[in-house]
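The values are calculated or read from the model by the stated rules, or taken from the named source; none is laboratory data. Fair warning: this is a prediction, and the values are worked out from it, not measured in the lab. Here the Cβ positions follow ideal geometry from the backbone for every residue, glycine too, while neighbour counts run over all protein chains shown. For accessibility, only protein heavy atoms count, side chains too; no ligands or nucleic acids. Shrake-Rupley method; radii C 1.70, N 1.55, O 1.52, S 1.80 Å.
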Amino acid sequence: FSLAPLVPRLSEFLGIQVIKADDVVGPEVEKLVSALPNGNVVLLENVRFYKEEEKNDPEFAKKLASLADLYVNDAFGTAHRAHASTEGVTKFLKPSVAGFLLQKELDYLVGAVSNPKRPFAAIIGGSKVSSKIGVIESLLEKCDILLLGGGMIFTFYKAQGHSIGSSLVEDDKLELATSLLRKAKEKGVSLMLPFDLVVADKFAPDASSQVVPASAIPDAWMGLDIGPDSISAFSSALETTQTVIWNGPIGVFEFDKFAVGTKAIAKKLAELSGKGVTTIVGGGDSIAAVEKVGVADS
């Protein structure tokens with residue numbers, strides 16, 4: 001968990017010998033920092049060694065901040081977490097600013113989402129509706145097409161009265177699913193759920209599988225990917241778009257057998273990107289999928 005392996009690479013990037021501290025706070029670190037010549041760089045050790053980091057402890061944040069005159073956050077991927085090194089230190093350092101990468105991410109996202117080239121589609125996957133409620137509600141205000149995949153779809157199917165076998169479901173979110181479907185209709189958003197699925201007899205990479213209509217999942221079987229007809233329908237819908245954002249895998253892509261839908265979406269977005277469509281992929285799992293398929297650069 002140490003950041004020591006980063007030193008040679010970081011030094012190479014910056015063209016100077018980066019000095020690494022063995023700690024994050026304390027007299028040794030303070031001594032190292034105050035002796036640092038202008039233009040030099042010191043890398044602190046991993047802040048996660050301190051429980052106070054994720055607790056966003058103000059005393060710890062104050063000690064961290066005491067090492068610096070100003071604060072720049074260039075890590076978009078951690079900017080939403082209120083930890084000591086991301087949010088706490090900003091209480092003690094002025095100015096606290098965004099770095100160029102963070103700025104680029106925000107320009108892209110704000111530009112694409114608040115003023116998108118239309119038709120604007122969003123693909124939302126992932127296992128739970130509960131973790132995506134805010135995203136879906138916000139997108140229903142903005143997008144023309146909303147494609148849903150991943151484990152969350154079974155809560156929608158159950159809300160529509162379909163039997164879902166042993167698929168993942170959030171029973172306390174059935175009313176919410178119904179209201180989201182209704183809201184989409186009212187807003188004129190084309191909300192698409194997969195209409196065929198790859199189901200499995202167990203949650204395992206070597207499970208027996210078959211393709212069934214979404215309304216006919218056999219008892220004790222679980223849906224782990226979208227089926228071929230849904231892949232075609234989703235692809236056709238995406239063909240019409242000018243802006244697409246994607247968050248969350250479409251199936252259990254960790255198992256190759258159930259990664260077909262997610263891979264197809266990744267390839268489709270890469271192809272659309274090549275035709276000038278703005279495509280944005282966010283979320284660790286979606287990015288891992290795009291990398292696995294080998295289309296991250298497009």
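If you go through the range 121-136 one residue at a time, how many are open to solvent by less than 20 Å² (accessible area, probe 1.4 Å) and not β-branched (V, I, T)? Step through it out loud before you land on a result.
First pass over the range 121-136, keeping only residues open to solvent by less than 20 Å² (accessible area, probe 1.4 Å): 121-126, 129, 136.
Cutting the leftovers down to not β-branched (V, I, T) gives us 121-122, 125-126.
Residues flagged as open to solvent by less than 20 Å² (accessible area, probe 1.4 Å) and not β-branched (V, I, T) within the range 121-136 amount to 4.
Of these, L146, L197, which one is modelled with pLDDT of 95 or more, surrounded by 21 or more Cβ atoms within 10 Å (Cβ to Cβ), assigned by the TED database to the domain that holds S127 and in contact with a Pro (Cβ under 9 Å, 6 or more places away or on another chain)? Walk me through it before giving the result.
On the way: L146 fails: in contact with a Pro (Cβ under 9 Å, 6 or more places away or on another chain).
After applying the criteria, what remains is L197.
If you go through the range 70-120 one residue at a time, how many are in a strand (DSSP E or B) and open to solvent by less than 60 Å² (accessible area, probe 1.4 Å)? Working first, answer last.
Kept after step one, since they are in a strand (DSSP E or B), are these residues of the range 70-120: 71-73, 96-98, 120.
Those still in the list that are open to solvent by less than 60 Å² (accessible area, probe 1.4 Å) too: 71, 73, 96, 98, 120.
Qualifying residue count for the region: 5.
Can we say P228 is modelled with pLDDT of 95 or more, assigned by the TED database to the domain that holds P116 and either of a type in the set (F, W, Y) or surrounded by fewer than 16 Cβ atoms within 10 Å (Cβ to Cβ) (or both)? Break it down stepwise before answering.
Numbers: modelled with pLDDT of 95 or more: yes; assigned by the TED database to the domain that holds P116: yes; either of a type in the set (F, W, Y) or surrounded by fewer than 16 Cβ atoms within 10 Å (Cβ to Cβ) (or both): yes.
For P228, the condition - modelled with pLDDT of 95 or more, assigned by the TED database to the domain that holds P116 and either of a type in the set (F, W, Y) or surrounded by fewer than 16 Cβ atoms within 10 Å (Cβ to Cβ) (or both) - is met.
Going by the structure shown, is K268 open to solvent by 60 Å² or more (accessible area, probe 1.4 Å) and part of a helix (DSSP H, G or I)? Show your work before the answer.
Working: open to solvent by 60 Å² or more (accessible area, probe 1.4 Å): no; part of a helix (DSSP H, G or I): yes.
Answer is no for this residue.
Condition first: on the phi < 0 side of the Ramachandran plot and crowded, with 23+ Cβ neighbours inside 10 Å. Now tell me which residues in the range 246-256 satisfy that.
Of the residues in the range 246-256, the ones on the phi < 0 side of the Ramachandran plot are 246-247, 249-256.
Scanning the range 246-256 gives W246, P249, I250, G251, V252, F253.
Sort through K183, K158 and tell me the only one that's under 30 Å from V110 (Cβ atoms), assigned by the TED database to the domain that holds K117 and surrounded by 15 or more Cβ atoms within 10 Å (Cβ to Cβ). Give the derivation first.
Numbers: K158 fails: under 30 Å from V110 (Cβ atoms).
Only one candidate passes the filter, namely K183.
For A259, indicate whether it is touching a residue at least 12 places away in the same chain (Cβ under 8 Å), among the aliphatic types (A, V, I, L, M) and open to solvent by 20 Å² or more (accessible area, probe 1.4 Å).
On the way: touching a residue at least 12 places away in the same chain (Cβ under 8 Å): yes; among the aliphatic types (A, V, I, L, M): yes; open to solvent by 20 Å² or more (accessible area, probe 1.4 Å): no.
Spelling it out, it is not the case that A259 is touching a residue at least 12 places away in the same chain (Cβ under 8 Å), among the aliphatic types (A, V, I, L, M) and open to solvent by 20 Å² or more (accessible area, probe 1.4 Å).
Within the range 200-209, track down each residue that is more than 14 Å from E254 (Cα to Cα) and open to solvent by 10 Å² or more (accessible area, probe 1.4 Å). Explain how you work it out, then say what you get.
Here is the first cut: in the range 200-209, the ones more than 14 Å from E254 (Cα to Cα) are 200-202, 208-209.
Selection gives D201, K202, S208, S209.
Scan G274, G223, G284 and give me the residue that is open to solvent by 40 Å² or more (accessible area, probe 1.4 Å) and more than 19 Å from A121 (Cα to Cα). Full working, then the answer.
Working: G274 fails: more than 19 Å from A121 (Cα to Cα); G223 fails: open to solvent by 40 Å² or more (accessible area, probe 1.4 Å).
So the residue among G274, G223, G284 that is open to solvent by 40 Å² or more (accessible area, probe 1.4 Å) and more than 19 Å from A121 (Cα to Cα) is G284.
Among the residues of the range 142-182, count how many are assigned to a loop (DSSP other than H, G, I, E, B) and without any contact (Cβ under 8 Å) to a residue 12 or more places away in the chain.
Quick first cut of the range 142-182, residues assigned to a loop (DSSP other than H, G, I, E, B) only: 142-144, 149-152, 160-170.
Next cut, without any contact (Cβ under 8 Å) to a residue 12 or more places away in the chain only: 161.
Within the range 142-182, residues that are assigned to a loop (DSSP other than H, G, I, E, B) and without any contact (Cβ under 8 Å) to a residue 12 or more places away in the chain number 1.
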